[in-house]
Amino acid sequence: MQSSNECGKMTGFFGKYNAKIDDKGRLVIPSAIKSVVPADQMEFVIRKDMYSNCLEMYTKQEWANMSMAVRSKLDLAFDEDHMKYWRTYMSDTVTVVPDAKLGRITIPKEILEKAGITKEVVFQGVDYKVEIWAKEELEGGCLSPEEFRMMGRKIAGRI
């Protein structure tokens, strides 16, 4: 879930929520996610994750902050490789606004296919974003318990 603090900044998304894509290709955003996003900010950016076989869903503001941070490291005027990177980074990115009645969104079929999503999905809160996984793919995107412990030790400088 996500909520606003006194400064208006968003805190994180947390939890797992199952959903199904309907026959028209629509997906209902779980109420636990949409109920804590302010109504005037109910617009999301969705793209294929660079590292995992899932989709990433950001609030419009979080996407703006993150993409500005990436873009600030690039020389788009004079470096062709930077421009190609930015073009690829922005490809298959779509903005969605949930319908007012049920909170349904439509994600283009080609984007769903890139993440292997066909019918059942899991919305996974990951602090600043929500990942949308094909139900059968979710476990492959996480560390095993032993890998998690080792990574924790490494991050803490204990290895």
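The values are calculated or read from the model by the stated rules, or taken from the named source; none is laboratory data. If you're wondering where the values come from, they're calculated on a predicted model, not measured in any experiment. For neighbour counting, all protein chains shown are included, and Cβ atoms are generated from backbone atoms with ideal geometry for every residue, glycine included.
Before moving on, here are some points about what is shown:
- A Cβ distance below 9 Å, combined with a sequence gap of six or more or placement on separate chains, defines the contacts here; from segment 57-68, residues that are in contact (Cβ under 8 Å) with a residue 12 or more places away in the chain reach residues that are in a helix (DSSP H, G or I) and buried (at least 19 other Cβ atoms within 10 Å of the Cβ) in the pairs Met57/Ile33.
- Strands (runs of 3 or more DSSP E) (entirely within segment 1-117) containing at least 3 residues that are of a type outside the set (D, E, K, R): 16-20, 44-48, 55-59, 93-96
- Checking every residue in segment 133-144 against the condition of being of a type in the set (Asp, Glu), crowded, with 16+ Cβ neighbours inside 10 Å and under 28 Å from Lys24 (Cα atoms) gives at least one match.
- In segment 34-64, the qualifying residues are those that are within 18 Å of Lys114 (Cα to Cα) and acidic (Asp, Glu), and the one that is surrounded by the most Cβ atoms within 10 Å (Cβ to Cβ) is Glu56.
- Pairs meeting the criteria (first residue in segment 84-98 and surrounded by 15 or more Cβ atoms within 10 Å (Cβ to Cβ), second residue assigned to a helix (DSSP H, G or I) and charged (D, E, K, R), beta carbons under 9 Å, at least 6 apart or on different chains) are Trp86/Arg71; Tyr89/Arg71; Asp92/Glu110; Asp92/Lys114; Pro98/Lys34.
- Residues of segment 1-21 satisfying the condition of being out of contact with any Gly (no Cβ under 8 Å at 6 or more places or on another chain), surrounded by fewer than 17 Cβ atoms within 10 Å (Cβ to Cβ) and at pLDDT below 90: Ser3, Ser4, Asn5, Glu6, Cys7, Gly8, Lys9, Thr11
- Verdict on Met83 being over 28 Å from Cys142 (Cα atoms) and aliphatic (A, V, I, L, M): yes
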